[in-house]
Amino acid sequence: MNSLWGKFLENGRVKECPVYDMHAHMGSFNRIYLPFGDFNPEITKSRLERAGIKMLIFCSHWTLFSPDIGNRANIEVVRQLPDKLRAYCGLNPNYPEIIEKDVEDFEKYRDVFVGFKLLSDYHQKPVSHENYSPAWKYADKKGLIVLLHTWGGSQFDGPEQVRIVAEKYPGAKILMGHSCHGAWDETIQLMKDFPNVYAELCAVVDDRGGLEQIMDACGSKQIVFGTDWPWFNHHYYIGAVIDSGISDQDAHNIFHRNAEKLLEGLI
Amino acid sequence: MEKIEFFDANVFIGRPHNGMFGAVNNSEGLFEEMDKQGISRAIVWHIFQYEGSPVEGNRILAEEISKSDRFYGCWTILPPQTQEIITEDFFKQMKENKIVCLNVFPDWHRFVMDAVTFGDFFQQISERNIPLFLTMGRSCISWDSLYRLMRDFPRLTCVLCDIGIWGVDRYTWPLLEKFENFYLESSQLSLEEGGVEATVKRFGSERIIFGTGFPVRYPKASILQLVHADISQQDKINIASKNLERILKKEKL
Ligand SMILES: [Zn+2]
């Protein structure tokens, strides 16, 4: 039995096991009521502290769905809660001129951004699309984190697409958001083939079995924790990860050690 | 402070025909899991009720749950007209077999769940306070047909399970507001950030029933969420077991 379970159950958080949420969002959203969608520095901070979330890396819904708002939504939020938050610079390939500008300005916001976020299933252009390339080249050169929304079977961000960018940009640290959900065999193959590719657990642990399969094949060193917060509850996901039967060491890797390594030099 | 006892309202036994990670095929397997998770009692159904034959599935379930006082059963119903399940002594059979609630899968089992099909029967279970468990998973029903059901049978005790991955407050809150015997099972409400807290704040803790969704979902997920929810200890106790106990006590079989 994982010894961290008793501690999380007792206190809700464990000092020696901080949690990094590597896949989050911010802001209200059209298709769902999010009780904690609206950003408020005090409330957000207290929600994160309840579950021992040391740092949350997000990309605002407003950035992803409004080119008019763009990354302003991320910058303003991180700067109000800099000890807890960092953001991914959100990219919309339907507006390549904005991508170019955001890459150009990236250095100005090193206090805000740790990398880029692609939501290709929604923006309907594949992750290898040329409109993203200024950002990919920059991430490759600077060793930035790139969080992709990935889903099994998707022509935009399924395993075949991840393979293309992982091969082309070995310097980028690629997080497969949702781990190419459902296509676990391909997810595993990608992790084995590319040391710069990581599985991220949001939606993976909604059902039992997926994490167990990935762990059996690859161990815990290329897995990071994420929740799509404020969609999903941190305690729910922490409980789910522990219930997969992982050891203490694996839990430490997934909850914080792998993230700490990825974020080295970026925060 | 009173301890939280967990009474799980959403568990099935039996192995699905397409396979499922960690499914348990009998009560012994379920015992083991419940002990591991610290869950004291459960309302159980058998996957064969859905995937194979409701008639034979109900029978297997009754046999399995007879092995322990910690289990209560949930039988699957079909239209009364075909008399496959609902016969004259149906309620007596429920009582004899420790069946405390019913579930129904209209779209999958191919019938229309409305007043035409179930008029008299749903009147009877409304009067007898027998809870009807519905699921938003497994292609069971649409939101439209759920709304129609509650409009037609406003006194019906209804527990909505597996509410979905995406938060559904925009769908469920109107039902909680209008129908006092409408309840939410928690295994996916717990998944929604702030979902339990917001629902309790708006409607009180009496309207949520604890469930794990085992074997599909991880029991420790909804347990950890509830134990650390930003609600009172009494609210947690209500959700974990008291609400379901209260519903079952009101039942007249
Ligand atoms: Zn996301």
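The values are calculated or read from the model by the stated rules, or taken from the named source; none is laboratory data. Quantities reported herein were computed from a predicted structural model and do not represent experimental measurements. All Cβ positions, glycine included, derive from the backbone under ideal geometry; neighbour counts span all protein chains shown. Side chains are part of the model used for accessible areas, which takes the heavy atoms of the whole protein and leaves out ligands, DNA and RNA. Shrake-Rupley method; radii C 1.70, N 1.55, O 1.52, S 1.80 Å.
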If I model a spin label at residue B:31 and residue A:155 as a point 7 Å from the Cα along the Cα→Cβ vector, what separation in nanometres do I get? 5.4 nm
If you roll a 1.4 angstrom probe over the protein chains with everything in place, what fraction of the accessible area of the stretch B:99-230 belongs to carbon and sulfur, to the nearest %? 49 percent
Please work out whether the protein assembly as shown counts as rounded, prolate or oblate from its C-alpha gyration tensor, where a ≥ b ≥ c are the square roots of the eigenvalues and a/c under 1.5 means rounded, while otherwise a/b larger than b/c means prolate and anything else oblate? prolate
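Take every DSSP beta bridge whose two residues both sit in chain A, then give the antiparallel share in percent to the nearest 5. Numbers along the way, then the final one.
Details: 1 of 29 bridges.
Counting only bridges with both partners in chain A, antiparallel ones make up about 5 percent.
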Separation of the stretch B:11-49 and the stretch A:138-166 by C-alpha centroid, Å? 38 Å
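For the peptides A:51-57, B:61-67, B:86-92, what is the packing order when you average, over each peptide's residues, the other Cβ atoms within 10 Å and list the highest mean first? All intermediate terms of the calculation are to be shown ahead of the outcome.
On the way: A:51-57: 23.4, B:61-67: 18.9, B:86-92: 13.3.
Per-residue Cβ counts within 10 Å, averaged per peptide and sorted highest first, yield A:51-57, B:61-67, B:86-92.
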Inter-part gap, Cα centre of the stretch B:121-182 to Cα centre of the stretch A:61-126, in whole angstrom, is 41 Å
Out of all DSSP beta bridges with both ends in the protein assembly as shown, state the antiparallel percent to the nearest 5. 5 percent
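Using protein heavy atoms only (no ligands, DNA or RNA), what is the total accessible area buried between A and B, 1.4 Å probe, nearest 100 Å²? Don't skip to the answer; put the middle values down first.
Details: alone 11640 and 11820 Å², together 20160 Å².
By this definition, chains A and B bury close to 3300 Å².
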Per-residue average of Cβ from other chains inside 10 Å of B:195-201: 3
Roughly how big is the stretch A:10-86's charge dipole about its Cα centre, with Cβ charges of +1 (Lys, Arg) and -1 (Asp, Glu), in debye to the nearest 20? 80 debye
Find the accessible area per residue for the stretch B:1-125; the probe is 1.4 Å, ligands and nucleic acids are left out, and the unit is Å². 48 Å²
Using a 1.4 Å probe on protein heavy atoms, which residues of the stretch A:3-20 have at least 30 Å² less accessible area in the complex than alone? A:5, A:9
Partner chain Cβ atoms within 10 Å, averaged over the residues of A:34-46 - can you pull that number for me? 2
Compute the accessible area of each residue in the stretch A:204-239 twice, once for its chain alone and once with every protein chain present, using a 1.4 Å probe on heavy atoms, and list those whose area falls by at least 50 Å². A:206, A:208, A:231, A:232, A:233, A:235, A:236
Occluded residues from the stretch B:206-236, i.e. those whose accessible area drops by 30 Å² or more once the chain is not alone (1.4 Å probe): B:216, B:217, B:218, B:220, B:221, B:224, B:225, B:228, B:230
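Please sort A:181-191, B:203-213 by packing, taking for each peptide the average over its residues of neighbouring beta carbons within 10 angstrom, highest first.
On the way: A:181-191: 20.4, B:203-213: 23.4.
Highest mean packing first, the order is B:203-213, A:181-191.
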Could you give the distance between the Cα centres of the stretch A:198-262 and the stretch A:1-22, to the whole Å? 13 Å
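Assign one of three labels to chain A, namely rounded, prolate or oblate, based on the Cα gyration tensor with a ≥ b ≥ c the square roots of its eigenvalues; rounded applies when a/c is under 1.5, prolate when it is not and a/b is larger than b/c, and oblate otherwise.
Judged from the Cα gyration tensor, chain A comes out oblate (a/c at least 1.5, b/c at or above a/b).
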